[in-house]
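To keep things clear, I will list the structure first and then write my remarks on it.
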Amino acid sequence: MANIQSLLNNSQDSRSTLILMTEEQLQKLIDDVTTKTRIIVEEQFQPKYFTVDDMMELFKVGKATVYNWIYRGVIKPYYMVEGGKPYFDQAEIREQMRQGAIGKNVRKQ
């Protein structure tokens, strides 16, 4: 049995292509598409923000240090809701680390 791509490539008008496959082949195709779609969606909705707790763990500092960085303008907080908890863009934090603005004086465990 020819594969789907070769059938589509050999067709003059892909809208009229008839694809024959067994029930098992159809189920495998559905499973593959479902798996790939799930992976794409998970990657797109993966959190791209750090919480205060994430920052504390990453830099081995206390909550006061994280809020001090906010107060001094070293890191920029984002709020999902008015008056809510601050979140920090991962890309911005990585850039601040690269520039040495944060992470220099990491407290030893």
Looking only at segment 7-46, which residues are exposed (fewer than 10 other Cβ atoms within 10 Å of the Cβ) and at pLDDT below 65?
GLN12, ASP13
Give me a count of the residues in segment 46-56 that are touching a residue at least 40 places away in the same chain (Cβ under 8 Å) and either among the β-branched types (Val, Ile, Thr) or in contact with a Phe, Trp or Tyr (Cβ under 8 Å, 6 or more places away or on another chain) (or both).
2
Among residues belonging to segment 68-89 that are over 23 Å from the mean Cα position of the chain (by Cα) and aromatic (Phe, Trp, Tyr), point out the one that is surrounded by the most Cβ atoms within 10 Å (Cβ to Cβ).
TRP69
Filter segment 53-67 for residues that are under 19 Å from the mean Cα position of the chain (by Cα) and of a type in the set (A, V, I, L, M); the one that is modelled with the highest pLDDT is MET55
If you check every pair at least six apart or on different chains, which have Cβ atoms under 9 Å apart with a residue in segment 69-86 that is farther than 15 Å from ASP53 by Cα first and a residue that is among the polar types (S, T, N, Q) second?
VAL74/ASN68; VAL74/GLN96
Is it the case that PHE59 is touching a Phe, Trp or Tyr at 6+ places or on another chain (Cβ under 6 Å) and under 17 Å from GLY103 (Cβ atoms)?
no
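The values are calculated or read from the model by the stated rules, or taken from the named source; none is laboratory data. What you are looking at is a predicted structure, and each value in this text was computed from that prediction instead of being measured. Glycine also receives a Cβ, built like all others from the backbone with ideal geometry; neighbour counts cover every protein chain displayed.
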